[in-house]
1. Going by what's in this entry, would L119 be described as modelled with pLDDT of 95 or more, closer than 18 Å to H176 by Cβ and not in a strand (DSSP E or B)?
2. From the list V133, V153, V186, pick out the single residue that is of a type in the set (V, I, T) and in contact with an Asp or Glu (Cβ under 9 Å, 6 or more places away or on another chain).
3. Quick one: is P255 more than 15 Å from L23 (Cβ to Cβ), of a type outside the set (K, R) and out of contact with any Phe, Trp or Tyr (no Cβ under 6 Å at 6 or more places or on another chain)?
4. Return yes or no: is E79 charged (D, E, K, R) and under 24 Å from I243 (Cα atoms)?
5. If I filter region 177-189 for residues that are in contact with a Lys or Arg (Cβ under 9 Å, 6 or more places away or on another chain), at pLDDT 95 or above, of a type in the set (D, E) and within 27 Å of T38 (Cα to Cα), do I get at least one hit?
6. Which pairs do you get when a residue that is crowded, with 18+ Cβ neighbours inside 10 Å and among the polar types (S, T, N, Q), found in region 209-234, comes within reach of a residue that is assigned to a helix (DSSP H, G or I) and at pLDDT 95 or above, reach meaning Cβ atoms under 9 angstrom, with the pair 6+ apart or on two chains?
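The values are calculated or read from the model by the stated rules, or taken from the named source; none is laboratory data. As the structure is a computational prediction, the values presented were derived from the model and not from experiment. We place every Cβ from the backbone using ideal geometry, glycine too, and count neighbours over all the protein chains shown.
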Amino acid sequence: MKHLLAICLTAAVTSLSAADLPLLVAHRGASHAAPENTIPAFKLAWEEGADAIEGDFHLSSDGKVVCIHDYDTKRVTGEKLVIADTAWERLSKLDVGAWKDARYKGEHMPLLSDVLDVLPPGKKFFLEIKAGVEIVEPIRLILQEKKADPSQVILISFNDDVIKESRAKMPRYQAHWISDLKEVDVDARSAAYRQRLDATGAQGFHFQATSPVTKEWLAPLKEKHLLLTSWTVDDPALARKMIGYGVNHITTNRPGPLREELTKQ
């Protein structure tokens, strides 16, 4: 029965025009082809026609807002330095491109200000906060200095307190809570997720597409006009399922190829 339902959901959205698609968000940039969280990855996302980018940010030991996913540099540089314990001068010299492809050898991690500089008019930027509340004020100051458009920049985080602090200090910018929704099909966990989301005051919700969430579970959130984003979706069948759920955004590592696969007849 579940298999039949999945087929029906997919069949209902097989023929899509570009206008029918949710906004496609490039996960850490177009990270299928370029090194994640780098300027080349973000620029490639724009070239591939992404509607938005998503990038991850930590705070260096000297207060710089640095674009990198992990808490340390080991995976993307081969050298382990904890971001929060390392000054920007040291971090800025690391090669974060060669691990992906020799073409990107010598690529360096950007600062938040660098990413804002390549944000085209009319496009969106999901700014994922990986640190704690201590990073919120530095981000606010950078957004203020850069005159970042609140209609373009959305703050997102797994951290409940970060969302609350962002809402308090940057009320002009939307803040969305993120959850993997693990065991959301268990009654007690389901209720806890709803309570946490409500308590953050978030205006949107990002959830793991492969979680056991259902369209029915998401329906009350849509009724409250919360913006829904599913992550990370590279498979067209999973993307069609999420479209059937009525999401506003789909986060993907491969925005260009996925759009082509979803819209081809």
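1. So L119 fits the description; yes.
2. Selected residue: V133, the only one of V133, V153, V186 that is of a type in the set (V, I, T) and in contact with an Asp or Glu (Cβ under 9 Å, 6 or more places away or on another chain).
3. Considered against the rule, which asks whether it is more than 15 Å from L23 (Cβ to Cβ), of a type outside the set (K, R) and out of contact with any Phe, Trp or Tyr (no Cβ under 6 Å at 6 or more places or on another chain), P255 comes out as no.
4. Details: charged (D, E, K, R): yes; under 24 Å from I243 (Cα atoms): no.
Spelling it out, it is not the case that E79 is charged (D, E, K, R) and under 24 Å from I243 (Cα atoms).
5. No: zero hits.
6. Every condition considered, the pairs that remain are S230/L238; S230/A239; S230/K241; S230/M242; S230/Y245.
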